[in-house]
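Okay, structure first, notes after.
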Amino acid sequence: MKLVPRTSGRLSRPVIATTLVFTLIASNLLSLQAQDATIPLQKQSGSPAGGQSDPVVVVSIGSINKLSNDVNYVAGAVGQPNLGAMFGMFSGMFTQGLDRDNPAAIAVLLGDGGAPQPMAFLPTPDISKALKSLEAQLGPSDTLSDGTYVISVGANTVFFKQLDGYAVAASAKPVLELAPTNINALFDGLGNDYDLGFRLRMQQVPADLRNMLIGQIRQGLDQAMRQQGGEGNADVANASIEQLEQLINETDELTFGINIVESERKIVFDGTFKAVAGTKLARMIESQQPAPSRFYSVIDPSSAAYYHAAATVGPEAVEQARKNVDVQLGQIGQVLRTNGVSESDVEFIEKITDEVAELALKTMEGGVFDIGMSVGFEGDGFQMVAGMLVADGAEAARIAQSAAKEVEGKPDAPEFAFNSGEYAGVTLHEVRFEVPESEDELLEIFGGKPVLHIGTGAQTLFVGLGQGGLEKMKQLIDNSTSPSSDERPIGQLQAKLEPFLRYAKSIEPNPVIDAMIQGVSAAGDGGLIRFVSEAEGMDTQSTTFEIHEGLLKAIGAAVMKVQQQQAQMQGGF
């Protein structure tokens, strides 16, 4: 997947926001098309064959053969081969006469006056044969004097026109004249590169429609906020609308695709996001480039999981982050009070979160975001270690000491030991927790009194937890002394399911977990998932998310085991 993080530390928000915008715009385009279906269309000057050469929306569907092969592979991987057979049966019924090696597409183009007009592009050298094969389901077709084919589907009429190796379908005959002469250009970057692909060219959406969309969002949020009440909710709504408005008006192109790659035994979610050149959003993206990292050593394929991000941060991104933080911090007290937290505790939490947020923002103002974390299992033990760049390590220690004073003497409060030692110029601290005897699983993981190790350097903060956590933290401190400028993505995450399953089994055996371990072991990839975000030029960023076969087999094994257990229970009755 390739979508742009708005700030380095929050990689998922733009994915959600952009997907929402894509959905809303597509639905509005189709709604307008339904309203304008009777409007006569005229050829647009300057566009090929009088048509709109640059569609607003394209949804591509992989070829029949590609889809059949990929669905069969996934169905087999999850232990449900019958699903692949069913797909093959239904696709065979409704795709006779179509080219099985070329992709299909649905596109929304703009007609005269900017009216959106969707049309379908079907791979076939002769649409008449395809329509003939579907007579039993759709009824016979008619042929007009100019060679256009017409069929009735319920209350709707569909028109078809043959263009080289594709047939174009639309709900009104004049719409067919909008079809671009170079149909293959529709599939650039999509087509058989994906099983399912989407492309939205936001700037092709008329400004009036974009403004109408923003107005609908604002109206909906205003109504929701009035129902919930509270000035803080209104602030959140306004901030969200401002960001969506920026996203809608300053996005150039969004591409998203899902591809099943049998040869590499994985499913890939892949996309790109491009901002309009010269806009604030483009400047934010341009400023976010890979940076040298102190915490690169967490990138270890043999670990159970790791996360790493190192990127430059521009002033626009810092400004946006500060606005977001101010709004979100204003919500904390309201949420806590609503849930019955005492006023003194609310004031304490607000104070600490304000200080932590200010330290984080000062770090971003330094122009670099750098963080690394890894999780592993050595023997039967769990270890987690993390390191991050901070503007002032002493300030981080002071905030922790302030929090410790507030909770000192309270029931179940942890024990703090500040300035307990020093290692390689980093001051060491400890936080000891008491695990209740009733928490069997936590006792198995951490023992009776787990220790959270904290290290604060001049501009660094380290954390170690679990068996051997202090040693792991010291290793990370050693590796952080010389920042590495090797090329790497802006952000990346990798995790393997198998070590987590085996550790869970060591704590509490479970037949479903046993089945999942067998499934993931058969794949040999550890149940790998990967997430990567990269800079692609000055105004474009990309994101890729991969699910490997081991995870699919583990899911399939779990489903089958649960089904077996349910069948046994029913048989017992």
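The values are calculated or read from the model by the stated rules, or taken from the named source; none is laboratory data. Keep in mind it's a predicted model, so treat the numbers as computed, not measured. Cβ placement follows ideal geometry from the backbone for every residue including glycine, while neighbour counts extend to all protein chains displayed. For accessibility, only protein heavy atoms count, side chains too; no ligands or nucleic acids. Shrake-Rupley method; radii C 1.70, N 1.55, O 1.52, S 1.80 Å.
For the range 111-179, the relative contact order comes to 34 percent (Cα pairs under 8 Å, sequence separation of at least 6). Sort the range 251-391 into rounded, prolate or oblate with this rule: let a ≥ b ≥ c be the square roots of the eigenvalues of the Cα gyration tensor; rounded if a/c is under 1.5, and if a/c is not under 1.5, prolate when a/b is larger than b/c, oblate otherwise. Oblate. Sorting Ile555, Ile490 by accessible area puts them as Ile555, Ile490; the probe is 1.4 Å, largest comes first, and only protein heavy atoms count.
For the set Lys323/Lys553; Lys66/Lys496; Lys405/Lys496, the pairs lying more than 32 angstrom apart at their alpha carbons are Lys323/Lys553; Lys405/Lys496. Could you tell me whether the range 155-312 comes out rounded, prolate or oblate from its Cα gyration tensor? Rule is a ≥ b ≥ c as square roots of the eigenvalues, rounded for a/c under 1.5, then prolate if a/b exceeds b/c, otherwise oblate. Judged from the Cα gyration tensor, the range 155-312 comes out oblate (a/c at least 1.5, b/c at or above a/b). Put a dot 7 Å past the Cα of Asp222, heading toward its Cβ, do the same for Glu536, and the two dots end up 3.7 nm apart. Judged by the gyration tensor of its Cα atoms, with axes a ≥ b ≥ c, the range 354-393 is prolate; a/c meets the 1.5 cut and a/b is the larger of a/b and b/c.
Residue separation of Gln565 and Arg502 scaled by 0.36 nm, minus their Cα-Cα distance, works out to 20.6 nm of gained length. Plugging the Kirkwood radius over Cα pairs into Stokes-Einstein for the range 527-573, at a temperature of 4 °C and a viscosity of 1.567 mPa s, what D comes out in µm²/s? For the chosen part, D equals 94 µm²/s. Per-residue extension of 0.36 nm, minus the Cα-Cα distance of Asn510 and Asn339, leaves a gain of 58.0 nm for this segment.
For the pair Glu350 and Gln475, a Förster radius of 30 Å applied to the C-beta separation gives a FRET efficiency near 0.25, rounded to the nearest 0.05.
Ile332 contributes an accessible area of around 50 Å² to the protein surface, as traced by a 1.4 Å probe with all chains present. Across the range 323-378, Cα-Cα distances exceeding 19 Å account for 47% of all pairs. Computed with a 1.4 Å probe on the full set of protein chains, the accessible area for Glu415 sits at about 100 Å². Treating each Cα of the range 64-103 as an identical point scatterer and summing with the Debye formula, the log10 of I(q)/I(0) at q = 0.17, 0.25, 0.29 Å⁻¹ comes to -0.42, -0.78, -0.93.
With no solvent and one point on each alpha carbon, what is the Debye value of log10 I(q)/I(0) for the range 283-329 at q = 0.16, 0.26, 0.33 Å⁻¹? Taken in order of the listed q values, log10 I(q)/I(0) reads -0.63, -0.89, -1.09. Rolling a 1.4 Å probe over the protein heavy atoms leaves Asp370 with an accessible area of roughly 10 Å².
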